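Student: First the structure, then my questions, so here it is.
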Amino acid sequence: MSEIETKVQENYDASKIQVLEGLEAVRMRPGMYIGSTSSSGLHHLVYEIVDNAIDEALAGYCDRICVTIEPGDVIRVLDNGRGIPVDIQPQTGKPALEVVYTVLHAGGKFGNGGYKVSGGLHGVGASVVNALSEWTEVRVHKGGKIYQMRFSRGHVTQEMTVVGETTHTGTEVRFKPDPEMFEDTVYNYNTLFTRMREQAFLNAGLRISTEDLRGEERVYDEMCYEGGIREFVELLNKNKASVSGAPIYMEGSRDGSTAEVAIQWNDGYNELLVSFANNIHTPEGGMHETGFKTALTYVLNAYGKEKKLLKDEDNISGDDVREGITAVISVKLENPQFEGQTKAKLGNSEIRTLVDSVVKDKLMLFLEENPAVGKAVIEKALMASKAREAARKAREKVRRKTGLESGQMPDKLQDCNERDPALCEIYIVEGDSAAGSAIQGRDSRFQAILAMWGKMLNVEKARTDKIVGNDKLYPLILALGSGIGEDFNMEKLRYHKIIIMADADVDGSHIRTLMLTFFFRYMRPLIENGFVYSAVPPLYKLTRGKTTRVAYSDEERDAISQSMRADNPNAKVDISRFKGLGEMDPEELWETTMDPEKRTLRRITLDDAVRADQVFTVLMGEEVEPRREWIESNAKYVVNLDI
Ligand code: TSJ
């Protein structure tokens, strides 16, 4: 309070008092204006400034924006727009430029014809950045002159001055975030780059560059996408095979709002929907997404029936039509209402109607003109629908069989005697001969063995229904007892240690990848709770006379070999490589890999599973090129997935 009073003393001009009060409020409660004073708030300052330049681009006067991180984490933003107006405003008697920078909420309220649709999370703009910066410097190129003005923590430190002449127009802003206001004032280049690239996609033809001058080497990226969100969809779908050709683009406008949608289906099974309102990401979705989904489902059902690709009784669901879809939705509207937990959900219901009608009209038209795409998409949705039905039946079958009867265990399972799941382990073993050794070598009181197939992955493709409805995984689902997917129930889990025992070679690695992918997609809580393990079988057997030892790595092999010869360096130590689990006899397997007293188990983390899922997608996908690239760059990793 006393600080404001002091300023009242200093500045007799009443309008100035108000200005100071406004920006003092920003410094008192920065979080209210920029979300937080953590790294996210720090980056938000840049977005606030860039948004102004993007508005100028939207208005059609600017096609170039440069964002630079200068040494000392000073930010510089430059555009080639008309330049912030510098004329004296009649109401305040001050240059518009000064008002923009010193009056809260002034952004966009001056000039004319400015179509204000962008805007940061809180839409407060330049004055907030000024308030939260140690210093700010603005230069405007306009009408042949260069105007400059400086500020510090919201105060004017240099009145607007002409500092030179110029032949072009544009605005240049430099600011240094105030360390008194932020927990950390170091910028992350990648964060800015990603955000700016997103903005470049959302504003077709706008050239945005990002630059980092802090390090020894200059980092520079330039983004310009003539195709706008079409190219965004292409990027998101980069390593996937399209089943619908190039991205399908639809747009339309009504009552000053516009909607743009780009979609493409790939041969995968995931749905990726990215939506924006006024260039702001809306991860919580909202009316634009709702309109899109309704229209998409409607159009594909209507089209499919009209073209006799669907039977009258077929009804493909929203989930089915969106299987494998990548979609970017971008709407621009005058008064966006952001709702939800994180204010990232669009509430304007008129936008639902707009997106709905754009997609209904334009997609129908597109499919009429591109019947091959129409057919491919309907067929895919129909497959999805059938897979979903098969999965549902498989779940039901599991549900029935794992019901009350306890004698319903699969043939391939040799169960243990113990009944308390917390004390029980199940070894999932690849191949019949390894399973045979495991069955004989195990401690049957608490160790169960489930024999699985070998080498299936080379022939199997990655359809979701082939994972879920797979006959070969069915015994596993039955043995674990917990159900899958929506029906998963931890209470019913029969073992708290699920141990994947596969060879330390490529095939073993494939098996592990499939198993982890399966657990990750359908029984994720098992991994989250740390119930899934990988057995660690030995790689080498070392023998000297009657003494035999095993090693789990090359280093250990060398160390053991040395220690076995400690008394006599010339002694002969025979080293042989275990070729596979199948070659071990039951005692060997027990002692090296299964005995809880001696074995090593590697707990599978969610990270491992995510990686496996990605590996699986790449390895099993139809696209040859990324698969080859991936194998080449990860050759070692493929062989030794988890060692
Ligand atoms: F606001 C700001 F300082 F943060 C900022 C504004 C920062 C940057 C990098 C650029 C801009 C900006 C503002 N670029 N272009 C404009 N344009 C206007 O402010 C402008 C110019 C002329 C007219 C007009 O009606 O003649 C209207 C406007 C809004």
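The values are calculated or read from the model by the stated rules, or taken from the named source; none is laboratory data. Bear in mind that the values here come from a model prediction, so they are computed numbers and not experimental data. Note: ideal-geometry Cβ built from the backbone for every residue, glycine included; neighbour counts use all protein chains shown. Calculation scope for accessible area: heavy atoms of the full protein, side chains included, ligands and nucleic acids excluded. Shrake-Rupley method; radii C 1.70, N 1.55, O 1.52, S 1.80 Å.
Student: Using a cut-off of under 20 Å, list every residue of region 130-151 whose amide N is near the label point 7 Å from the Cα of K343 along the Cα-to-beta-carbon line.
Tutor: 130-133
Student: Over the Cα atoms of region 467-535, how large are the radius of gyration and the largest Cα-Cα distance (Dmax), in Å?
Tutor: Rg and Dmax of region 467-535, Cα atoms, are 11.6, 35 Å.
Student: Return, ordered by residue number, the residues of region 558-585 whose backbone nitrogen is under 20 Å from a label point located 7 Å along Cα→Cβ of T548.
Tutor: Answer for region 558-585: 558-565, 572-585.
Student: Say each of R419 and D87 gets a label point 7 Å from the Cα, pointing the same way as Cα to Cβ; how far apart are those two points in nm?
Tutor: Between R419 and D87, the label points sit 9.0 nm apart.
Student: Moving on to the next point. Considering only protein heavy atoms, what per residue accessible area in square angstrom results for region 248-310 with a 1.4 angstrom probe?
Tutor: 37
Student: Just in region 233-283: which trypsin sites (Lys or Arg not before Pro) are loop by DSSP and have at most 16 other Cβ atoms within 10 Å?
Tutor: K238
Student: Rg to Rh for region 323-400: what is it, with Cα atoms only and Rh by Kirkwood?
Tutor: In region 323-400, Rg relative to Rh is 1.14.
Student: Mind checking the alpha-carbon convex hull of region 465-612 and giving the volume per residue in Å³?
Tutor: 130
Student: Which number do you get for Rg(Cα) / (2.2 N^0.38 Å) in region 127-177?
Tutor: 1.15
Student: Provide Rg over Rh for region 256-413; use the alpha carbon set for both Rg and the Kirkwood Rh (inverse mean inverse pair distance).
Tutor: A ratio of 1.11.
Student: What span do the alpha-carbon atoms of region 275-320 cover on each of the three principal axes, reported in whole Å from largest to smallest?
Tutor: Principal-axis extents of region 275-320 (Cα, largest first): 41, 15, 12 Å.
Student: Continuing with this model, one more query. Over all directions, how big on average is the projection of the convex hull of the alpha-carbon atoms in region 185-273, in square nanometres?
Tutor: For region 185-273, averaging the hull's shadow over all directions gives 8.4 nm².
Student: To continue, here is another question. What order, most packed first, do the peptides 141-149, 337-345 have when packing is the mean number of other Cβ atoms within 10 Å of each residue?
Tutor: 141-149, 337-345
Student: Give me the Kirkwood hydrodynamic radius of region 517-577 in Å, from all C-alpha pairs, to one decimal place?
Tutor: Taking every pair of different Cα atoms in region 517-577, averaging 1/r and inverting gives 13.9 Å.
Student: Moving on to the next point. Could you pull out which residues in region 306-337 have an amide N less than 13 Å from a spot 7 Å beyond the Cα of E284, following the Cα-Cβ vector?
Tutor: Within reach of a label on E284, which here means backbone N under 13 Å from a point 7 Å along Cα→Cβ, region 306-337 contributes 337.
Student: Debye sum, Cα scatterers, region 184-225, no solvent: what log₁₀ I/I(0) at q = 0.14, 0.15, 0.19, 0.35 1/Å?
Tutor: After summing over all Cα pairs, the log10 values are -0.34, -0.38, -0.57, -1.18.
Student: On to the next question. Using a 1.4 angstrom probe on heavy atoms only, work out the carbon and sulfur share of the accessible area of region 487-596 in %.
Tutor: Summing carbon and sulfur atoms, their accessible area is 45 percent of the total for region 487-596.
Student: Kindly flag which residue pairs out of K412/K541; K293/K386; K240/K308; K308/K362; K345/K375 have an alpha-carbon separation exceeding 32 Å in this structure.
Tutor: Pairs exceeding the cut-off: K345/K375.
Student: Could I ask something else about it? What full-extension length gain, to one decimal in nm, is calculated for E334 and A246 as 0.36 nm per residue of separation minus the Cα-Cα distance?
Tutor: Numbers: separation 88, 0.36 × 88 = 31.68 nm, distance 3.11 nm.
Difference between extended and current length: 28.6 nm.
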